[in-house]
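> Here it is, the structure in full.
Each value in this text was obtained by applying a stated rule to the coordinates, not by laboratory testing. Predicted, not measured: the structure shown is a model, and the values here were computed from it. Methodologically, a virtual Cβ is constructed for each residue, glycine included, from the backbone with ideal geometry; neighbour enumeration extends over all protein chains shown.
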Amino acid sequence: MLQIESAGTARFRPLIQTFRCFVLTAAAVLTPVASSNGAEWPGWRGPLRNGVTTDIGVPIEWSESENVFWKSALPGAGTSNPIVWGDSVIVTASEGTDHGELHVLCLDQDTGQERWHHQLWGTAPSLFYPHSGMASPSPVTDGRRVFAFFGTGDVFCFDMEGGLLWQRALSHEYGRFQNRFAASSSPVLFDGKLIIQCDHYGDSYVIALNPETGANLWKIDRSETWHSWSSPQIMKSDGGHELILSGSKRLDAYDPASGEMLWTVGGLAQECIPTPVFGHGLLYAVSGPNGHHFAIRPGGRGDVTDSHVVWKHRRGTSFVPSAIIVNERYYLVDDKGFARCWSIPAGKELWRKRFKGKYTASPVAADGKLFFVNETGTTLVLDATTPEYVELDRNEIGEDVLSSPAIAHGRFFLRTAEHLYCIGDNSN
């Protein structure tokens with residue numbers, strides 16, 4: 001039940017206003033072409049949180065006008081990636097002096113027109129990065145509900161038609177987030193749980209919520225961890241599934257069913273942002289800017305630093321961008337644009353290149369192609385079917401980009417500083 005409260009209590013329980021058909025912000029550039037591809041992009045970095053999708057028909061060439069189906073103006077800042085399910089595209093944003101004014105928008109995938117739009121007031125705005133505000137965490141959906149977490153510590157659950165189902169103010173319940181970039185960890189849905197990593201200078205913890213009600217299923221304190229903006233990852237091992245959290249100076253594995261700590265690896269940098277990825281039997285984690293790449297064998301109990309680290313490299317680590325694994329190769333571009341490709345699981349370097357510009361967005365891959373987007377909006381497209389460096393195209397969108405792209409239904413969704421673009425191959 002939605003309650004509207006006085007301004008005096010707004011800091012402790014978010015207010016919400018719903019705007020249906022709030023304002024038409026989309027401008028059609030090309031008539032979109034229907035796609036038979038069914039791959040969705042349900043959360044941070046796609047279906048498996050690794051930037052890779054089985055989608056096909058994704059364009060490799062575009063400009064500010066070419067192959068742009070539509071672009072829609074956004075109501076505020078944010079670096080969360082858009083998510084796509086069916087014919088809905090959902091994105092978050094924040095605005096205001098303290099970025100305490102929060103937004104969750106649902107757009108029509110074919111037209112870019114607004115289907116519904118919630119404006120919310122955050123419980124406890126904190127320090128923030130101006131380009132992301134309180135909208136760094138990416139939303140996530142199971143196709144029935146949409147879950148949005150913000151740097152203010154607020155969690156909202158909507159149905160796909162935009163109805164508010166429940167809300168939680170974690171910052172009111174467990175303390176305001178204390179770090180210089182606000183909370184930015186993107187929640188993960190797994191096995192009937194919404195799991196959120198809450199690492200900061202205050203009392204850090206990881207929490208699993210019931211997606212139906214928002215009630216706690218378990219909450220584990222992380223007293224030895226702080227100062228992390230990384231997002232949780234789920235991987236399968238011989239003993240079942242493991243919840244992987246990259247934090248200050250360590251990587252931890254938990255049982256996602258109970259929250260029980262399983263194992264830990266030391267040696268990460270103090271500040272962690274990239275999300276670990278899993279492939280060919282190993283977990284790959286990076287922390288920077290002065291950390292290491294780690295290849296870790298899953299499983300084990302306790303401190304497995306000496307027994308389960310297969311290899312580690314110090315060169316080419318990133319502060320913000322996450323890595324990506326395609327075929328038997330591990331790719332990463334650092335914040336300054338230095339890119340490397342390693343073979344896996346051996347960890348042999350295959351090539352290194354200096355890409356143009358600086359990078360915040362994490363790469364994505366589909367249909368045998370890799371997409372790297374720099375901060376000025378240039379997308380470099382590489383051939384991912386060969387171990388050689390093969391450049392296919394470079395595309396300019398004409399706006400700054402710090403958000404990671406999304407790929408679904410043969411379309412490339414690119415969030416810039418001011419707009420959300422839907423890009424497709426108009427010749428299909």
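> Show me 106-112, 160-166 ranked by packing, highest mean number of other Cβ atoms within 10 Å first.
On the way: 106-112: 21.0, 160-166: 15.7.
Going from most to least packed, we get 106-112, 160-166.
> Under the Karplus relation 6.51 cos²θ - 1.76 cosθ + 1.60, θ = phi - 60°, what is the ordered set of whole-Hz ³J(HN,Hα) values for the stretch 381-391, x standing for Gly and Pro?
With coefficients 6.51, -1.76 and 1.60, one gets 10, 10, 7, 8, 8, 10, x, 7, 7, 10, 8 Hz.
> Further, regarding this structure: If you plug each phi of the stretch 66-72 into the Karplus form 6.51 cos²θ - 1.76 cosθ + 1.60 with θ = phi - 60°, what whole-Hz ³J(HN,Hα) values come out, in order, with x for Gly and Pro?
Karplus values, whole Hz, x for Gly and Pro: 7, 6, 8, 6, 6, 9, 10.
> Also: Collect residues whose amide H, placed 1.01 Å from N in the peptide plane, falls under 5 Å from the amide H of W263; neighbours closer than 5 in sequence don't count.
For W263, whose amide H was placed from the backbone, the distant partners under 5 Å are A253, G302.
> Cβ under 13 Å from A408's Cβ, A408 left aside: what net charge do those residues give with Lys, Arg +1 and Asp, Glu -1?
Local charge sum for A408: -3.
> R297 to A73: extension gain in nm, 0.36 nm per residue of separation minus the Cα-Cα distance?
Fully extending the segment from R297 to A73 adds 76.2 nm.
> So for the chain: antiparallel DSSP bridges make up what percent, rounded to the nearest 5?
Among the beta bridges of the chain, antiparallel pairing accounts for roughly 95 percent.
> Report the trypsin sites (Lys or Arg not before Pro) located in the stretch 139-210 that are in a DSSP loop and have at most 14 other Cβ atoms inside 10 Å of their Cβ, or state none.
R144, R180
> Also, quick follow-up: For the chain, what is the Kirkwood hydrodynamic radius in Å, using each pair of distinct C-alpha atoms?
With all distinct Cα pairs of the chain included, I get 21.4 Å.
> Among G424, T378, V390, which residue has its Cα furthest toward the positive end of the charge dipole of the stretch 370-428, with +1 on Lys/Arg Cβ and -1 on Asp/Glu Cβ?
So the residue we want is G424.
> A further question on this structure: In whole percent, what relative contact order does the chain give with Cα contacts below 8 Å and a gap of six or more residues?
16
> Something else: On a full-extension model of 0.36 nm per residue, what is the gain between D87 and R394, subtracting their alpha-carbon distance, rounded to one decimal in nm?
Between D87 and R394, full extension yields an extra 107.7 nm.
> Can you flag which of K312/K353; K348/K369; K236/K348; K249/K312 are past 18 Å Cα-Cα?
Beyond 18 Å: K312/K353; K348/K369; K236/K348.
> If you don't mind, another one. Can you give the helix-only mean residue ellipticity at 222 nm for the chain, where every DSSP H stretch with n ≥ 4 adds -39500 (n - 2.57) and the sum goes over all residues, rounded to the nearest 500 deg cm²/dmol?
-500 deg cm²/dmol
> Also: Sorting check: for 78-87, 341-350, 280-289, 298-307, which peptide has the highest mean count of neighbouring beta carbons within 10 Å, and how do the rest follow?
Result, highest mean first: 78-87, 280-289, 341-350, 298-307.
> Normalised by the residues of the stretch 348-428, what does the relative contact order come to in percent, with Cα pairs under 8 Å and at least six apart? Write out the running numbers ahead of the final one.
Values: 158 pairs, mean separation 17.7, N = 81.
Relative CO of the stretch 348-428 lands at 22 percent.
> Arranged from highest to lowest average of other beta-carbon atoms within 10 Å per residue, in what order do the peptides 230-241, 209-220, 317-328 appear?
Details: 230-241: 17.7, 209-220: 15.6, 317-328: 21.5.
The densest-packed peptide leads the list: 317-328, 230-241, 209-220.
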